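The values are calculated or read from the model by the stated rules, or taken from the named source; none is laboratory data. Quick caveat: nothing in here was measured; it's all calculated off a predicted structure. Positions of Cβ are backbone-derived with ideal geometry, glycine not excepted, and every protein chain shown enters the neighbour counts.
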Amino acid sequence: MYQLHLFNLIIPFNYQKPIYEGFILINTKNGKIIKIGSQNDVFFINTSADYEIYRHKNSICLPGFINNHIHLAYKNNYVIAKPNQQIEWLKNLIKTSRNWPEEDKQEIIKNNIQNCLKNGITFIFENTPFGKITATEITKSPYKNNSLIGLEVFGNSEEQSQFIFEKAIDNLNQLEVEFKDLNFTLSPHSIYSVGSSLLKKLMQWAKTNNKILALHLAEFNFELELLEKNYLNPDLKEFFEFLQVSSPELKNNSSQSTMQYLLNLATELENTDLLKNFLLIHFILTTDKDLEIAQRFGLGIVSCPQSNLFLQNGLPDYKNWLKYNLPFSFGTDSLASNFDFDFLNQLKNIYWLLNCQLSAQNLFETITSIPAKQLKLEAEVGSLEENKKANFIHFELKPENIAEIKSLGEQDLYTWLLINLNTNLIKQVFIESKPIV
Ligand SMILES: [Zn+2]
């Protein structure tokens with residue numbers, strides 16, 4: 001009924017200090033942490049048969065990582081986006097993926113789930129146009145109670161906005177009935193694939209139902225051209241014709257930035273608080289004005305740097321995000337625009353890229369406590385604390401490593417972990433107390 005895990009070092013996060021020679025006591029019935037602390041305090045543990053004791057040698061324990069943006073139903077189709085030819089890449093992705101039979105899609109989703117798990121990811125925010133297939137696979141996996149599924153909504157047609165909105169709600173309601181344990185929301189795909197009337201309806205729906213709207217924003221140049229120059233790229237027009245759906249509307253109030261556009265929609269609805277439900281995905285091609293609006297309304301940002309590089313969109317201006325004090329988390333996006341789900345590697349690269357301006361501790365928080373807050377799930381996941389889920393990663397190191405880190409101060413310890421931990425050192429991953437890797 002109880003598990004007692006003993007580690008040489010536990011990093012709980014969320015403003016708590018690292019614990020050397022620590023323990024985590026878990027109630028296996030509900031998969032939650034009962035108590036966490038130093039082994040010096042474990043005087044209350046007796047040899048009762050109710051306890052399973054795990055003494056992990058040369059071990060470090062971290063909270064499981066949160067992947068705040070992924071699309072499980074895609075795989076790498078080995079099409080590299082060339083600069084300014086991202087529309088071609090999008091077209092290729094849709095062309096190939098729409099022809100995959102259901103069994104192939106299931107296989108791809110299953111593989112991606114396994115891949116995430118072995119990288120220490122214990123919670124995912126999945127975004128998909130294939131709600132039912134994805135929900136079926138997630139429900140069979142450890143992500144069943146550890147995911148949010150955003151059902152992607154597309155539709156530029158003004159006349160059909162009410163119809164598309166109702167269809168999306170119907171789909172959501174049906175899936176909620178069929179998959180009672182799963183959590184769903186609606187994800188408006190982007191401002192070039194969702195018309196303003198439809199987006200406004202989704203904004204009101206999210207506010208009423210306290211839901212998060214993940215929106216790909218300021219990712220591509222053609223998106224900005226549409227907003228700022230009122231210019232519809234002919235390739236984009238051709239792309240929507242190929243899909244046999246309406247092309248993006250020209251945004252008549254030209255020379256506006258992406259955030260100003262969203263703010264205008266909220267203002268038209270006479271409630272600027274409607275902005276607060278957005279989670280901004282990518283947010284690369286931004287102005288200071290965008291950052292200022294994001295800061296004013298306390299919006300969450302999810303960065304997917306590997307995908308941004310893959311698609312030749314460049315990287316976000318992280319240093320400016322720091323200046324505006326914008327909290328951000330990380331996602332992997334799909335394997336169509338990425339080669340792995342390895343957050344540890346990604347964090348290292350960002351650390352060097354930012355000339356160490358973001359501390360190692362802050363970087364670890366971008367895949368643990370910060371996304372948990374953005375998803376309003378900080379009471380359940382994102383750090384190792386009493387009453388939270390026992391979602392954690394067990395790293396096994398060499399004995400000399402353990403001796404070495406004991407002499408480090410707190411910040412140096414985080415830096416050491418950032419530089420030295422890698423996925424090969426992951427021995428086990430636990431979700432709600434169950435070992436899944
Ligand atoms: Zn995406």
* **Unique residue being over 25 Å from Lys200 (Cα atoms), away from the ligand (no atom under 14 Å from the Cβ) and out of contact with any Leu (no Cβ under 9 Å at 6 or more places or on another chain) when the list is Asn320, Asn325** => Asn325
* Could you run through segment 183-221 and say how many residues are away from the ligand (no atom under 16 Å from the Cβ) and either among the polar types (S, T, N, Q) or over 16 Å from the mean Cα position of the chain (by Cα) (or both)? => 18
* To do: Would you point out which residue out of Pro101, Pro83 is touching a residue at least 40 places away in the same chain (Cβ under 8 Å) and exposed (fewer than 15 other Cβ atoms within 10 Å of the Cβ)?
  => Pro83
* Structure fact -> Screening Asn67, Asn127, Asn58, Asn111 for residues that are within 22 Å of Val302 (Cα to Cα), at pLDDT 95 or above and either more than 16 Å from the ligand (Cβ to nearest atom) or touching an Asp or Glu at 6+ places or on another chain (Cβ under 7 Å) (or both) leaves only Asn127
* Asked: When Lys82 is evaluated against the numbered criteria (1) of a type in the set (Lys, Arg); (2) at pLDDT below 95; (3) closer than 20 Å to Ala379 by Cβ, which criterion, by number, is the only one it fails?
  -> (3)
* Output the number of the condition that His71 fails; it satisfies all remaining conditions of (1) closer than 25 Å to Phe283 by Cβ; (2) over 17 Å from the mean Cα position of the chain (by Cα). => (2)
* In segment 306-360, residue farthest from the chain's Cα centre (by Cα) [restricted to those that are among the basic types (Lys, Arg) and more than 19 Å from Trp416 (Cβ to Cβ)] -> Lys323
* **Residues within segment 156-181 that are within 25 Å of the chain's Cα centre (by Cα) and not in a helix (DSSP H, G or I), tallied** => 3
* Asked: Across segment 336-354, what is the total count of residues that are within 15 Å of the ligand (Cβ to nearest atom) and modelled with pLDDT of 95 or more?
  -> 1
* To do: Report yes if some residue within segment 207-226 is closer than 29 Å to Glu88 by Cβ, in a loop (DSSP other than H, G, I, E, B) and in contact with an Asp or Glu (Cβ under 9 Å, 6 or more places away or on another chain); otherwise report no.
  => yes
* To do: From (1) within 16 Å of the ligand (Cβ to nearest atom); (2) crowded, with 23+ Cβ neighbours inside 10 Å, pick out the condition that doesn't hold for Ile94.
  => (2)
* Does any residue in segment 10-22 that is buried (at least 17 other Cβ atoms within 10 Å of the Cβ) come within less than 7 Å, Cβ to Cβ, of a residue that is of a type in the set (Asp, Glu) six or more places away or on a different chain, and which pairs are these? -> Pro12/Glu385; Phe13/Glu365; Asn14/Glu385; Pro18/Glu410
* To do: Looking only at segment 373-393, decide whether some residue is closer than 30 Å to Leu93 by Cα and of a type outside the set (Lys, Arg).
  => yes
* Asked: Just one of the numbered conditions (1) in a loop (DSSP other than H, G, I, E, B); (2) within 16 Å of the ligand (Cβ to nearest atom) is not true of Ser307; which one?
  -> (1)
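Working only within segment 279-293, note down all residues that are within 16 Å of the ligand (Cβ to nearest atom) and among the hydrophobic types (A, V, I, L, M, F, W, C).
Answer for segment 279-293, where residues must be within 16 Å of the ligand (Cβ to nearest atom) and among the hydrophobic types (A, V, I, L, M, F, W, C): Leu279, Leu280, Ile281, Phe283, Ile284, Leu285.
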